[in-house]
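Below is one structure; the comments refer to it alone.
The values are calculated or read from the model by the stated rules, or taken from the named source; none is laboratory data. Everything quoted here is computed from the prediction, not taken from an experiment. No Cβ is skipped: glycine too gets one built from the backbone with ideal geometry, and neighbour counts run over all protein chains shown. Heavy atoms of the whole protein, side chains included, go into the accessibility calculation; ligands, DNA and RNA do not. Shrake-Rupley method; radii C 1.70, N 1.55, O 1.52, S 1.80 Å.
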Amino acid sequence: MNSEEIQQAHYDRIAENYDAHYNDACSQEYRIRFQYEPVFAGINLSGRRVLEAMCGSGHTTQYLLAKGARVTGLDISAREIDSFRQSWPNSEAICASLLDSGLENDAFDCVVVSGGLHHVHPHLGEAVNEIHRVLKPGGHICFIEPHARSLTDTFRKLWYKYDSLFADNEAAIDVQDLKNEFASSFNFNFEIYLGNLGYLLVLNSMVFRVPLALKPLYTPIVLKTEAALNKVLGRSLSCNVIAQWQKKL
């Protein structure tokens, strides 16, 4: 199996449990506060055409629609796209690879990838090239990913190696290497390094096998702790990166 087939089979296998843990009310509260609001800062989404790439069942879609965006979901997993269509019947849904989407050139005002790019190794550059192709000049790519060059990534590599919830080709994103590769294609508006207790115990409750019934009990205090720690931890101790780039005119 190639890397895409591995990921497709992997997410078809865990889809039901994944959606239960990553799309519950606690996880959505975390996403909105610590991911969506920061990564879309300064972008007017109203009336804009947005591609939610590697969308799964559409965890970001509700936020985008609430902001007035016109959303297209793209995912390689037929099971996840079926779930997307059921949840968001008024949004376009496409079952295809991000590496070969079949979408038209310069079609979207914004492409968002939430936790998907670290699944496409060793084809990360190809994926970003495809995003560049479908973006309009001046359009934005917004992505949220685990990041390399950090202490947390050292522990993540060990976890990925032994935990069946992760596929073999998953790896954190080296943002600096990616910026060097695409310096002629994008302007880099910002990157923010954050994610600690809330990222681990609220958003990634499935990874730590936390019973769903317990999440509402500890989420309020954990999110307060997350906000405080985000101010002081910095890149080396944070779990993920939030980045906003803009396609050069």
Exercise. Under unit Cβ charges (Lys, Arg +1; Asp, Glu -1), what dipole magnitude, rounded to 20 debye, does the chain have relative to its Cα centre?
Worked result: 880 debye
Exercise. Within the chain, how many Lys pairs sit with Cα atoms under 24 Å apart, leaving out pairs fewer than 8 places apart on the same chain?
Worked result: 10
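For the peptides 140-147, 56-63, what is the packing order when you average, over each peptide's residues, the other Cβ atoms within 10 Å and list the highest mean first? Show your work: numbers first, answer last.
Details: 140-147: 24.5, 56-63: 23.0.
Order by mean packing, descending: 140-147, 56-63.
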Problem set entry | Ranked by how many other beta carbons lie within 10 Å on average, peptides 213-220, 106-113 from highest | 106-113, 213-220
For this session: Find which of Ala93, Ile81, His59 sits farthest along the positive direction of the dipole of region 45-111, computed with +1 on the beta-carbon of Lys and Arg, -1 on that of Asp and Glu, about the Cα centre.
Result: His59
Exercise. What's the carbon and sulfur percent of the chain's accessible surface, probe 1.4 angstrom, rounded to a whole number?
Worked result: 54 percent
Exercise. Solvent-accessible area per residue for the chain at a 1.4 Å probe radius, Å²?
Worked result: 45 Å²
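Using +1 on the beta carbon of Lys and Arg, -1 on that of Asp and Glu, and nothing else charged, what's the dipole of region 95-157 about the Cα centre, debye to 20?
Details: 5 positive and 8 negative charges, 68 e Å.
Computed charge dipole of region 95-157: roughly 320 debye.
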Exercise. With contacts defined as alpha carbon pairs under 8 Å and 6 or more residues apart, what's the relative contact order of the chain in percent?
Worked result: 22 percent
